[in-house]
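Data first, discussion second: the structure below is written as structure tokens.
Every number here is computed from the coordinates shown, using simple stated rules; none is lab data. Keep in mind it's a predicted model, so treat the numbers as computed, not measured. As a convention, Cβ positions derive from the backbone with ideal geometry for all residues, glycine included, and neighbour counts pool all protein chains shown.
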Amino acid sequence: MGSLTLPSSGRVYIDSMTLIYTVEQFAQYWPLLQPLWAAAAAGSIEVISSELIITEVLVAPLRSGNRTIEAAFDQALQSPTLHLHPITQPVLREAARLRAVTRLRTPDALHAATALLAGCVLFVTNDKGFRGVPGLPVVILDDLLTP
């Protein structure tokens, strides 16, 4: 297994699956993600996401009625190590531009647009579709699992 190479400073974007892997501590991904959160807690990097992540991560626990997982997500979403950026008109316009030039669906275009406009130096995901976004510094977690 490889490791997630983190920048010494700057903003690191996470998408919804990355937060799900963190909160639910998926065995194969948690060891990759622990250094990310440690660096954020130490203040060397800033972990950000779009406010859209709230809707995406809460669906499953709300659907299943799992209040324990729902509370764990609420705690993570309010953590000082995660900064949520609003969906503004400039983000919406950039997302529209990205949809026009890539195969991204609207939620993913919103994530990519937020990361680009926030000047993120790394985008952590497990969705290979983000590779098609020009200028987005993507790392795919599954790529780190293969030797």
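Among the listed residues Ser3, Ser8, which satisfies the condition of being out of contact with any Gly (no Cβ under 9 Å at 6 or more places or on another chain) and either in a helix (DSSP H, G or I) or closer than 15 Å to Leu141 by Cβ (or both)?
Ser3
If we keep just the residues of region 86-107 that are touching a residue at least 24 places away in the same chain (Cβ under 8 Å) and in a helix (DSSP H, G or I), which is farthest from Val12 (Cα to Cα)?
Per the stated criteria, the residue is Val101.
If a residue has to be among the polar types (S, T, N, Q) and surrounded by 15 or more Cβ atoms within 10 Å (Cβ to Cβ) to count, how many in region 1-56 make the cut?
5
Rundown of residues vs (1) on the phi > 0 side of the Ramachandran plot; (2) in a helix (DSSP H, G or I); (3) in contact (Cβ under 8 Å) with a residue 24 or more places away in the chain, yes/no style:
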site	(1), (2), (3)
Leu110	no, yes, yes
Thr114	no, yes, yes
Phe123	no, no, yes
Arg131	no, yes, no
Gly135	yes, no, no
Asp142	no, yes, no
